[in-house]
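Each remark here refers to the structure printed beneath this line.
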Amino acid sequence: MDRTVRVTVYTLLVVASALTVVPLLYMVALSLQTEGETLSGEAVLLPESPQWGNYATLFEEAPFADFIVNSLVVAGGITLAHLLFDPLVGYVFAKFDFPFRNTLFAAILATLMIPLFVRMIPLYVMMSDLGWLDSYQALVTPFLMDGFGIFLMRQFIQPVPDDLIDAGRVDGASEFAIYRRIVLPQTKPALAVLGLFTFTFQWNEFLWPLVATSSEDMRTIPVGLTLFNQEHFTLWHLTAAGSVLMFVPTALILVFSQRYFVRGIALTGLK
Amino acid sequence: MPSKTTERAPAERPGRGPHRRGPFARGPFGRGPLTLRARRARTAYLFLAPALLFFAVFYYVPIADVVHTSLHTGPRADEFDGLGNYVDAFDDPAARNSFVVTLLFTVGTTVGAIVLGLGLALLVNRPLRGRALFRLALLVPYLTSVAVVGLLWRNILDPQLGILNRMLREFDLPTQQWLNTAPLTTLVVITLWQISGYTMILFLAGLQGIPEVYYEAAYLDGAGSRQRFWRITLPLLAPTTLFVAVMAVISGLQAFGQAYIITNGGPADSTDLYVFHLFNVAFRSRDFGYSSALSVLLLIVIMVFTALQMRAGRRREVRY
């Protein structure tokens, strides 16, 4: 690359990155301002005295601790369920031969074409009939598995040599022990991708928790934060503080496992 | 057991384990081949049982239910009305408006996500120092919740207290009321801010899949960089572009949070995104019959779109 090209490319990349990062830094700055500063007409990028107390105030003004617990339980529970079920189902479709195998696999893959908005109304009615609305059951059960995770795990398990599995059979291991001790350890990289993806997207999920909860203390962070903002639309410093807290796990995951994310997204693009 | 169990799989079919061939084909424990196969099938179904139950209860029953409900009317959606809700949907100016709004939004986000994603991928694909850091910075918004993104941009764009207008005022430039003068465009731009890093990663994977030899050959033949882009990069990226387009269309048609959080559908329903409209009909007006019909209609649109894009893409595939 000659010099002018290099300078142009760097300039464009710096501008683009600044456009994505600066608004998020501004969110942090906002969370450290006083209420007056957020409402004044002057541009405050760096607050004169950072108001760390905003974070404590947030927990007094809204049941933010509940929001955090709810989000952790829901996103964590769903992630665990995916890690438990998706590889097992993927293994069966990769390595077993049984009647209706292809039909059943197609039926599971077809669920990828069924978006949440189609399921939303019947699921709401179902949860209402079960008396589960406004509970963890309603937030978790519709997302225990998904076609994408099963597909990903099947793709990953297919290249595991059959000889390895047969060796386990010859040694008299039970079918579940073969899965648990021989197959599952081979899938660690895929499990990491699956776990990180599932957690991040469930942590961010907005529509279903909004539909399925009604009491304030059952809300997850995105829903709790949005409704808090609607009720207290002048308390921008607190909304920003909540946004920063919501963003912390995402930031940690990104910094420590960017590799997995990039590889995982690339994987979803493969066909 | 259905008769399929008795069919023996052809031994040479790839992808099937060797355990049904070779010395142990008749079963290592003195059992016949049928018993072994049946036992394996039983294990398979045992492992699959929770998944089959799950997908039936949480996907297929709801689909049947939503179609059933869409044929009913009344406050409890229990009076049969045939296709009445569907006829209403086509006559309903509010539903038609929200469909048009959503189409415009989807076209904007899809075209934008392809152009920006490809542009960024071409930049990041160069051998640069610090490109992992750029990639990380550009990917961050995609992994941020639509709630955080929406609230942040609502604050930034606020006509009075938003930082953008404050800065314009500081430089004595005219201030703007983005969410009033160009609300839909503003939502498209915010959405592009969020998703372009994701499409960049998809294009990056596509670019890395193009063999270097094509570029070398083109270089030797005297092709300039512009020619190499239009004649090699773009045609060979077609499968990636198709995938990005399908993903962007599907998610654009389903956008919800932007309208709920940033504009509340306004001003004057100009950002009344379809799923937001559907959400309001279902959970604010409590009309489950009509909202079910609306959701079935969008599902049909999404499926037709996807099928058309796939077919168009298959015809245009390029090989060298």
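Some observations on this one:
- Between B:THR102, B:THR109, the distinction of being part of a helix (DSSP H, G or I), under 14 Å from B:THR199 (Cα atoms) and assigned by TED's automatic domain parsing to the domain that holds B:SER251 belongs to B:THR109 only.
- Considering A:ALA110, A:ALA106, the condition of being among the small types (Gly, Ala, Ser), away from chain B (no Cβ under 11 Å) and surrounded by fewer than 23 Cβ atoms within 10 Å (Cβ to Cβ) is satisfied by A:ALA106 alone.
- Here A:THR200 meets each of (1) more than 8 Å from chain B (Cβ to nearest Cβ); (2) touching a residue at least 12 places away in the same chain (Cβ under 8 Å); (3) in a helix (DSSP H, G or I) with one exception, condition (1).
- A:MET120 vs. criteria in contact (Cβ under 8 Å) with a residue 60 or more places away in the chain, at the interface with another protein chain (Cβ under 10 Å from one of its Cβ atoms) and among the hydrophobic types (A, V, I, L, M, F, W, C): yes
Matching residues to (1) away from chain B (no Cβ under 11 Å); (2) crowded, with 19+ Cβ neighbours inside 10 Å; (3) at pLDDT 95 or above; (4) touching a Gly at 6+ places or on another chain (Cβ under 7 Å):
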| residue | (1), (2), (3), (4) |
| --- | --- |
| A:LEU24 | no, yes, no, no |
| A:GLY41 | no, no, no, no |
| A:LEU46 | yes, no, no, no |
| A:THR57 | yes, no, no, no |
| A:HIS82 | yes, yes, yes, yes |
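- Of residues in region A:127-147 being out of contact with any helix residue (DSSP H, G or I) (no Cβ under 6 Å at 6 or more places or on another chain) and in a loop (DSSP other than H, G, I, E, B), the one surrounded by the fewest Cβ atoms within 10 Å (Cβ to Cβ): A:GLY131
- Within region B:268-291, residues that are assigned by TED's automatic domain parsing to the domain that holds B:PHE256 reach partners that are among the charged types (D, E, K, R) and part of a helix (DSSP H, G or I) with beta carbons closer than 9 Å, at six or more positions or on different chains, in the pairs B:TYR290/B:ASP88.
- The single residue among A:ARG259, A:ARG263 that is part of a helix (DSSP H, G or I), farther than 21 Å from A:GLY90 by Cα, charged (D, E, K, R) and within 18 Å of the chain's Cα centre (by Cα) turns out to be A:ARG259.
- Whichever residue in region B:33-87 is part of a helix (DSSP H, G or I) and touching a strand residue (DSSP E or B) at 6+ places or on another chain (Cβ under 9 Å) and, among such residues, is farthest from A:ASP146 (Cα to Cα): B:GLY84
- Verdict on A:GLY90 being more than 7 Å from every other protein chain (Cβ to nearest Cβ), closer than 30 Å to B:ARG39 by Cα, in a helix (DSSP H, G or I) and in contact (Cβ under 8 Å) with a residue 60 or more places away in the chain: yes
- For region B:33-64, the tally of residues that are out of contact with any Phe, Trp or Tyr (no Cβ under 6 Å at 6 or more places or on another chain) and touching a residue at least 24 places away in the same chain (Cβ under 8 Å) stands at 4.
- Selected residue (criterion: farthest from the chain's Cα centre (by Cα)) from residues of region B:162-206 that are surrounded by 17 or more Cβ atoms within 10 Å (Cβ to Cβ) and within 18 Å of A:GLN33 (Cβ to Cβ): B:ARG166
- As a summary of the residue check, A:PHE247 satisfies the conditions (1) surrounded by 24 or more Cβ atoms within 10 Å (Cβ to Cβ); (2) within 10 Å of another protein chain (Cβ to nearest Cβ) except for the one numbered (1).
The values are calculated or read from the model by the stated rules, or taken from the named source; none is laboratory data. The model shown is predicted, which means the values in this text are computed figures rather than measured ones. Cβ sites come from the backbone with ideal geometry, for glycine too, and all protein chains shown count toward neighbours.
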